[in-house]
1. Here are some conditions: (1) more than 21 Å from D155 (Cα to Cα); (2) in contact with a Gly (Cβ under 9 Å, 6 or more places away or on another chain); (3) of a type in the set (S, T, N, Q). T242 meets all but one. Which one does it not meet?
2. In region 110-131, what residues are open to solvent by 60 Å² or more (accessible area, probe 1.4 Å), in contact with an Asp or Glu (Cβ under 9 Å, 6 or more places away or on another chain) and not in a strand (DSSP E or B)?
3. Report yes if some residue within region 24-42 is among the basic types (K, R) and farther than 18 Å from I239 by Cβ; otherwise report no.
4. In region 175-200, what count of residues is obtained for those that are touching a residue at least 40 places away in the same chain (Cβ under 8 Å) and closer than 13 Å to S160 by Cα?
Amino acid sequence: MDSSPGGTWPELPGFMRSPNIATDADLYEIENLAADPDRAVERAMQHIASWEGKVVMDVGAGTGYHIDRFHAAAAQVIAVEPDPALRLRMMQRIADRKLERTSVIGASAVDIPLRDHSVDIVHSRFAYFFGPGCEPGIAELERVVKPGGTAFIIDNDLRSGTFASWIHAAHPNYPHDPDGIESFWTDHGFTIIRLGSCWRFDNRDDLERVVHLEFPADKAARFVADHPSNEIEYNLLLIHRTFG
């Protein structure tokens, strides 16, 4: 079991506690503010499938950072998050912003308590869907997404960009296999779009703190020292599938 400030909770099926947002949700908020500042992901998503007037499900919604943008146009937003500490913060965010067309569900990607074919658009960013091993979550997408609905999965592009090079340098013994991961998605009927993007920080202190959140201390210190800019190339994969 994992533990929260209030104690312990039963582990939900498929629940993988995130080491960054669960460690420091306030700092992860700063990371979200810096990430993809030109909204390349959302522009690409809208080109493929608009969520205007649709039911949107955000899987692994965390503290609800992306809900506001969907809520502005969607008929309903359903936020799915297994971590109870993050859910509490998300519910406070929803209340503060009066996002009245939003529901929060304490569940994991492999067991979503919604009826079949009830969702138009799925968004999952850096949550659960990391390639081989996530087949149960894909099966749930096939169940809950309406015919003609689209699922969007956002992950790191491990082939290019400064952030990708830092991942390889920080974890040289970790089996980074872009070919295998991308083949997994295409074999399951998904299309992959590569998006150039970045982290863009307002100040150096925020950059340094976020890099230390994401990488081991010794590696993070070296990355920061060797990178004088407050902008870091951070390329992404937009992985999507429209269900028949």
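The values are calculated or read from the model by the stated rules, or taken from the named source; none is laboratory data. Worth saying up front: this structure is predicted, and the values here are computed from it rather than measured. Counting neighbours? That spans all protein chains shown, and the Cβs are built from the backbone with ideal geometry, glycine included. For accessibility, only protein heavy atoms count, side chains too; no ligands or nucleic acids. Shrake-Rupley method; radii C 1.70, N 1.55, O 1.52, S 1.80 Å.
1. Evaluating T242 over (1) more than 21 Å from D155 (Cα to Cα); (2) in contact with a Gly (Cβ under 9 Å, 6 or more places away or on another chain); (3) of a type in the set (S, T, N, Q) leaves (1) as the failure.
2. Looking only at region 110-131, we keep the residues that are open to solvent by 60 Å² or more (accessible area, probe 1.4 Å), and these are 111, 113, 115-117, 126, 130.
Right, trim to in contact with an Asp or Glu (Cβ under 9 Å, 6 or more places away or on another chain) and you get 111, 126, 130.
Passing the criteria: F126, F130.
3. First, the residues of region 24-42 that are among the basic types (K, R): 39.
Within this subset, residues satisfying the condition of being farther than 18 Å from I239 by Cβ are none.
Checking region 24-42: not a single residue is among the basic types (K, R) and farther than 18 Å from I239 by Cβ.
4. Total meeting the criteria: 5.
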